[in-house]
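Take a look at the structure set out below.
The values are calculated or read from the model by the stated rules, or taken from the named source; none is laboratory data. Just so it is clear, the structure is predicted and the values come from calculations on it, not from any experiment. Reconstructed Cβ throughout: ideal geometry from the backbone, glycine too, with neighbour counts over all protein chains shown. Keep in mind that these areas ignore ligands, DNA and RNA; they rest on the heavy atoms of the full protein, side chains included. Shrake-Rupley method; radii C 1.70, N 1.55, O 1.52, S 1.80 Å.
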Amino acid sequence: AAALDEADDFGSGDPRLGRSLNNLATARNALGRTEAAEPLLRQALEIWRADPAGHELQLATTLHHLAGIAHGKGERQAAMASLRQALALREKALPADHAALARTRNSIATLERAPTPLARARSAEAKPATRATSGFVLHLASLQSDAQARREWRRLRQAFPELLGELALTLEPVDLGTRGVYQRILSGPFEDRAAAGQACARLKAKQQYCQVVKAKDG
């Protein structure tokens with residue numbers, strides 16, 4: 001962030017500003033703050049595209065990072081488009097055996113194999129809710145009916161595929177007295193509280209309610 005403040009003085013089109021934007025975005029993305037990383041990457045993208053000569057690799061790197069964010073948001077087509085642009089730029093600028101080319105091709109292949117959001121939703125809908133019997137789970141919401149809870153679970157998985165995509169759903173009824181019986185959406189399991197806490201912190205950073213709770217036995 002301090003480097004970006006310094007780079008601002010170089011002018012809006014200076015490549016040093018573009019590199020500083022990309023570096024800060026990379027750090028924020030690693031911390032799970034994708035909503036704060038994406039605007040920085042798009043600003044860097046404008047710098048590289050305004051003067052692409054000699055900056056092809058920086059442009060490719062920014063596109064690759066944007067593809068990762070798009071994939072995390074469920075925007076499959078946008079992610080694929082960015083990856084293909086990045087690959088084309090790297091193929092022109094790098095030797096055929098360069099590791100960056102292999103990484104980009106692997107990302108494209110992984111995205112091509114990944115199920116679409118509709119397929120994931122149908123799969124999740126077809127599977128019965130399971131019950132975590134040990135460890136810790138994430139309490140994500142409480143809804144008045146089983147159907148409402150399952151719809152909300154599908155929405156959450158589509159909104160946070162990188163955090164919830166591989167976790168199982170548990171629906172746990174809880175009696176709230178005069179308010180009636182609600183279905184708690186629990187996701188997990190995690191082997192220890194620390195791992196669950198890390199996932200919960202990342203969801204909270206994205207403005208999603210989350211609490212770590214101990215899974216019930218049996």
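A few points about this structure:
- Tallying residues that are in contact (Cβ under 8 Å) with a residue 12 or more places away in the chain, open to solvent by 30 Å² or more (accessible area, probe 1.4 Å) and farther than 24 Å from Glu35 by Cα within segment 162-175 yields 2.
- Consider segment 165-199 and keep the residues that are in contact with a strand residue (DSSP E or B) (Cβ under 6 Å, 6 or more places away or on another chain) and in a helix (DSSP H, G or I). The one that is nearest to Lys214 (Cα to Cα) is Arg193.
- Number of the exception - Ala88 against (1) assigned to a helix (DSSP H, G or I); (2) in contact with a helix residue (DSSP H, G or I) (Cβ under 7 Å, 6 or more places away or on another chain); (3) not charged (D, E, K, R): (2)
- Whichever residue in segment 200-213 is closer than 10 Å to Val137 by Cβ and in contact with a helix residue (DSSP H, G or I) (Cβ under 8 Å, 6 or more places away or on another chain) and, among such residues, is surrounded by the fewest Cβ atoms within 10 Å (Cβ to Cβ): Gln211
- Selection count, segment 69-90, where residues are open to solvent by 20 Å² or more (accessible area, probe 1.4 Å) and within 10 Å of Leu111 (Cα to Cα): 4
- Flag for Leu57 being within 17 Å of Arg90 (Cα to Cα), open to solvent by 50 Å² or more (accessible area, probe 1.4 Å) and in a helix (DSSP H, G or I): yes
- Condition met for Ala141 (surrounded by 15 or more Cβ atoms within 10 Å (Cβ to Cβ) and assigned to a helix (DSSP H, G or I)): no
- Test for Glu38: is it under 19 Å from Ala70 (Cβ atoms), in contact with a helix residue (DSSP H, G or I) (Cβ under 7 Å, 6 or more places away or on another chain), without any contact (Cβ under 8 Å) to a residue 40 or more places away in the chain and not aliphatic (A, V, I, L, M): yes
- Unmet criterion (only one of (1) within 14 Å of the chain's Cα centre (by Cα); (2) at pLDDT 85 or above; (3) small (Gly, Ala, Ser)) for Gly74: (2)
- Checking Leu45 against (1) within 20 Å of Leu87 (Cβ to Cβ); (2) not in a helix (DSSP H, G or I), the condition it does not meet: (2)
- Residue match in segment 24-32 (condition: farther than 16 Å from Thr62 by Cα and open to solvent by 80 Å² or more (accessible area, probe 1.4 Å)): yes
- Here Glu46 fits the description: out of contact with any helix residue (DSSP H, G or I) (no Cβ under 6 Å at 6 or more places or on another chain) and modelled with pLDDT of 90 or more.
- First in segment 147-161 and closer than 17 Å to Gly74 by Cα and in contact (Cβ under 8 Å) with a residue 12 or more places away in the chain, second anywhere and of a type in the set (S, T, N, Q) and not in a helix (DSSP H, G or I), Cβ under 8 Å, 6 or more apart: Trp153/Ser187; Leu156/Ser187; Leu156/Gln208; Ala159/Gln208; Phe160/Gln208
- Test: residue in segment 181-198 that is touching a residue at least 60 places away in the same chain (Cβ under 8 Å), surrounded by 15 or more Cβ atoms within 10 Å (Cβ to Cβ) and within 22 Å of the chain's Cα centre (by Cα): yes
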